[in-house]
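In what follows, a single structure is set out as structure tokens and then discussed.
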Amino acid sequence: MKVSLVATVKDAGSTIETFLRSIRAQTLAPDEVVVVDGGSTDGTLEALEASGFVTTISDLAANIAMGRNAAIRAATHDVLAVTDADCALAPDWLERILVPIEGGADVAMGFTRPAPRSFFEVCAAAIAVPDVDEVDPSGFMPSARSVAFRRSAIEAVGGYPEWLEVGEDMYVNQRWRHSGLRMEFVPDALVWWPMRPDLPSTWHQYARYARGDAEAHMYPERHAIRTATYTLGPALWLSGPPPGGGSAPPPGATRGGPWPGPGGCWPDGPWSARSRRSRSPPSWPSPTRRSCGATGPAARHARRDARGPAASGRCRPGSPDGPRVTTAGPRPRRTIARAR
């Protein structure tokens, strides 16, 4: 079985030699390599042409989907292995990813791993990239950095969508799934890819992914949940306690403190109005004091009423409107006899 390795690239001067070395190191060499350059200006095209084994096509107006379709049209074999020319292939990548194809599968889905070069990239990879044991093969959507398929499979879905700037591989994956093609996961067919070096470029990358999903109407339920979470979550947090969950925070208290405790009492702690009026450590309620530690108008009125003649002055948390005062009958009067 003959196989064509196809890829796209633009301005990958810092990684193109690593890509070419990883192709030379394959345990199973591809029968041909076709790479479409989208208008590199950093020496990437020259490095490809100087390699001696890459068929290079230069198209200044090509986006990623256009480049992949052009590379597939130029390839001469019916089995196609797809990656990006700024990546590094594991030495046995091609050999392993072709095993399902040889067994009759239409699509073989390899796996990708980030190649972090800084502490930021290590952290970003830990947050955004799933581990292989977190993948469900029945619903996995492979990246075009690591996938192989028969020519008939890509023709069945009309090729990569050239009207879509970003997310073209996920669009094809979904159409493959809906078409019922046989797709098999190959977790040990690994490709390493370079990450964005800082937060602004990472944010821009994922913003483009989201825009591509919106343009192609992909994952509407997922994005609806994310939008609701990121929009309503902070709004609810800033709005204060939920209805019925406790009394309002004391005047001057920050919203960053915890919600009211059980029974609606706001702790008389570092976030209370009293402690904000002084730089000294807050004085926590003494065990001998007849107070539940609550503050606010409702609590003050309750404590004032508790000092009346019909109350014992004992305060305990109760309704959401503040502390309740329990009565224990009239307070006995002390009679003082004066000497005449």
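Going residue by residue through region 150-168, is there one that turns out to be part of a loop (DSSP other than H, G, I, E, B), over 19 Å from LEU80 (Cβ atoms) and under 20 Å from the mean Cα position of the chain (by Cα)?
In the first step, residues of region 150-168 are kept if they are part of a loop (DSSP other than H, G, I, E, B); the result is 157-167.
Next, from what is left, pick out any that are over 19 Å from LEU80 (Cβ atoms): 163-167.
Narrowing further to those that are under 20 Å from the mean Cα position of the chain (by Cα): 166-167.
For region 150-168, residues part of a loop (DSSP other than H, G, I, E, B), over 19 Å from LEU80 (Cβ atoms) and under 20 Å from the mean Cα position of the chain (by Cα): present.
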- Query: Which one is surrounded by the fewest Cβ atoms within 10 Å (Cβ to Cβ) among residues in region 169-189 that are of a type in the set (S, T, N, Q) and within 21 Å of the chain's Cα centre (by Cα)?
  - Reply: GLN174
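Only one of ARG150, ARG145, ARG196 is surrounded by 15 or more Cβ atoms within 10 Å (Cβ to Cβ) and more than 26 Å from ILE16 (Cβ to Cβ). Can you tell me which? Quick ask: steps written out before the conclusion?
On the way: ARG145 fails: more than 26 Å from ILE16 (Cβ to Cβ); ARG196 fails: more than 26 Å from ILE16 (Cβ to Cβ).
None of the others qualify; the one that does is ARG150.
For every residue, the table says whether it meets (1) over 22 Å from ASP78 (Cα atoms); (2) surrounded by 16 or more Cβ atoms within 10 Å (Cβ to Cβ).
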| position | (1), (2) |
| --- | --- |
| ASP11 | yes, yes |
| GLU17 | yes, no |
| SER22 | yes, yes |
| THR27 | no, no |
| ASP31 | no, no |
| ALA50 | yes, no |
| THR56 | no, yes |
| ASN63 | yes, yes |
| GLY67 | no, yes |
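Which count do you get for residues in region 101-142 that are assigned to a helix (DSSP H, G or I) and buried (at least 16 other Cβ atoms within 10 Å of the Cβ)? Step through it out loud before you land on a result.
First pass over region 101-142, keeping only residues assigned to a helix (DSSP H, G or I): 101-102, 119-128, 132-134.
Next cut, buried (at least 16 other Cβ atoms within 10 Å of the Cβ) only: 101, 121, 124.
Qualifying residue count for the region: 3.
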- Of these, SER4, SER40, which one is under 19 Å from PRO142 (Cα atoms) and crowded, with 20+ Cβ neighbours inside 10 Å? SER4
- Task: Look at LEU98 and say whether it is modelled with pLDDT of 95 or more, within 19 Å of VAL6 (Cα to Cα) and out of contact with any Ser or Thr (no Cβ under 6 Å at 6 or more places or on another chain).
- Result: yes
- Message: Is it the case, given these coordinates, that ARG175 is over 27 Å from LEU28 (Cβ atoms) and outside any loop (DSSP other than H, G, I, E, B)?
- Response: yes
- Query: Does region 87-94 include one or more residues that are within 26 Å of the chain's Cα centre (by Cα) and crowded, with 23+ Cβ neighbours inside 10 Å?
  - Reply: yes
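Are there any helices (runs of 4 or more DSSP H) wholly within region 1-95 with 1 or more residues that are of a type outside the set (Lys, Arg) and over 25 Å from GLU155 (Cβ atoms), and if so which?
Working: elements: 16-24, 44-50, 64-74.
Ranges flagged: 16-24, 44-50.
The values are calculated or read from the model by the stated rules, or taken from the named source; none is laboratory data. Note that the structure is predicted; figures quoted are calculated from it, not measured. Note: ideal-geometry Cβ built from the backbone for every residue, glycine included; neighbour counts use all protein chains shown.
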